[in-house]
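Working notes, beginning with the structure itself.
The values are calculated or read from the model by the stated rules, or taken from the named source; none is laboratory data. The shown structure was predicted, so the numbers you read here are calculated from the model rather than taken from an experiment. So basically every Cβ, Gly included, is an ideal-geometry build from the backbone, and we count neighbours across all protein chains shown.
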Amino acid sequence: MMQEKAVVIAVNQDLITVQSQVKSTCSSCQQVDTCGSGLVAKALPKRKLALDLTTSLDVKVGDSVTLAIPEKNLLQTAWQVYLWPLIGLISFSAIGQFFVQSQVLPHELFAILLGSVGGYLGFRMARFWQKHSNQSLNLLPEIINVDAQNIPVTEVID
């Protein structure tokens, strides 16, 4: 299961809004101070992601929750989103090249154009499958753990 920590920022009966910090992988690298990508990641403001979820758990604003998505569903979606356009691009490019070799098409630019059309059709097919299948419902995160609200300490008395 892919897990992420989030903070509850709003509660409205069974509908809650959680917010998590979008993390860059550059922050954990040893070369972060000398790498161009690391410097850009430091310069850009930290982004936050808000998500509305339904739950029957008793949560309050400020509670820290752990969200999870099954890896199987995530990998299946990633396969469709990345490989369908690639398969369309390669197969339509091969067909276009075959037509150029057979002198049905007069120039290789038509084969490139046909390959681009195949990539676009693969993208549209992946988008169709994501919208019209139950796959998008499987990608909704679930709350698997609720931590109590952290109370900030503003003053320490000796």
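Would you check which residues across region 3-54 are at pLDDT below 80 and under 16 Å from the mean Cα position of the chain (by Cα) and list them? Of everything in region 3-54, those that are at pLDDT below 80 and under 16 Å from the mean Cα position of the chain (by Cα) turn out to be 21, 22, 23, 24, 25, 47, 48, 49. Is region 65-74 home to any residue that is farther than 30 Å from residue 125 by Cα, in a strand (DSSP E or B) and at pLDDT 85 or above? Yes; the residues of region 65-74 include at least one that is farther than 30 Å from residue 125 by Cα, in a strand (DSSP E or B) and at pLDDT 85 or above. Any residue that is within 14 Å of the chain's Cα centre (by Cα), surrounded by fewer than 16 Cβ atoms within 10 Å (Cβ to Cβ) and either in contact (Cβ under 8 Å) with a residue 24 or more places away in the chain or assigned to a strand (DSSP E or B) (or both) - is there at least one of those in region 116-132? Yes - at least one qualifying residue is present in region 116-132. Checked against the criterion of being out of contact with any Asp or Glu (no Cβ under 8 Å at 6 or more places or on another chain), modelled with pLDDT under 85 and over 29 Å from residue 21 (Cα atoms), region 90-98 contains not a single residue that satisfies it. Is there a residue in region 61-68 that is under 21 Å from the mean Cα position of the chain (by Cα), surrounded by fewer than 18 Cβ atoms within 10 Å (Cβ to Cβ) and under 30 Å from residue 13 (Cβ atoms)? There is at least one residue in region 61-68 that is under 21 Å from the mean Cα position of the chain (by Cα), surrounded by fewer than 18 Cβ atoms within 10 Å (Cβ to Cβ) and under 30 Å from residue 13 (Cβ atoms).
Applying the criterion of being of a type in the set (Val, Ile, Thr) and either outside any helix (DSSP H, G or I) or in contact with a helix residue (DSSP H, G or I) (Cβ under 7 Å, 6 or more places away or on another chain) (or both) to the residues of region 75-111, the residue that is surrounded by the fewest Cβ atoms within 10 Å (Cβ to Cβ) is 104.
From 140, 109, which residue is at pLDDT below 85 and of a type in the set (A, V, I, L, M, F, W, C)?
Going through 140, 109 in turn, the sole match is 140.
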